[in-house]
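Each remark here refers to the structure printed beneath this line.
Coordinate-derived values only; no laboratory data. Fair warning: this is a prediction, and the values are worked out from it, not measured in the lab. As a convention, Cβ positions derive from the backbone with ideal geometry for all residues, glycine included, and neighbour counts pool all protein chains shown.
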Amino acid sequence: MHRINTADNENNMALLDNIKQHAWKPLALVVFIWLQYQLWFDETGVLANVSLSDKIEKQKELNQASKARNQVLEEEIWAIKSGMDTIEAKARKELGMIKEGETFFIVVDPDKKHDQ
């Protein structure tokens, strides 16, 4: 019987040694899976990065369109500001408009006969 106990002890020791040798593997697997999840699916992972890159490209396109539109508006404003003198002269001559605070005089040529 003593021999059986020794064999059982040896088997138990071998089993414990085997378990000790492989006990780290499930933990390593859990850590590996967790790291893979973070790499691919976390908010700072690869998929989020690809999605963010697409959003950045779309925003760059929108910014370019806005810059072009702003440039056109700036040119229109410049044209209106520089053309104001022309518009004002035309309004004064053709429509008889005057600025606030100005006095308007009509000079009549006495030699001309007016139809009344």
Computed [θ] at 222 nm, helices only, for the chain once each DSSP H run of length n ≥ 4 contributes -39500 (n - 2.57): -26500 deg cm²/dmol
Cα convex hull of the chain - mean projected area over all directions, nm²: 17.3 nm²
Farthest toward positive dipole pole in the chain [+1 Lys/Arg, -1 Asp/Glu at C-beta], among Asn49, Ala28, Asn11: Asn11
Cβ-defined net charge surrounding Gln64, 13 Å radius [Lys, Arg +1; Asp, Glu -1]: +2
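Hey, can you list the DSSP H helices of the chain whose Cα span along the axis is 24 Å or longer and whose average Kyte-Doolittle score is at least 0.0? Don't jump to the answer; show the numbers that get you there.
On the way: long enough: 2-22 (30 Å, -1.19); 24-41 (25 Å, 1.06); 46-82 (53 Å, -0.58).
Correct list, ordered by number: 24-41.
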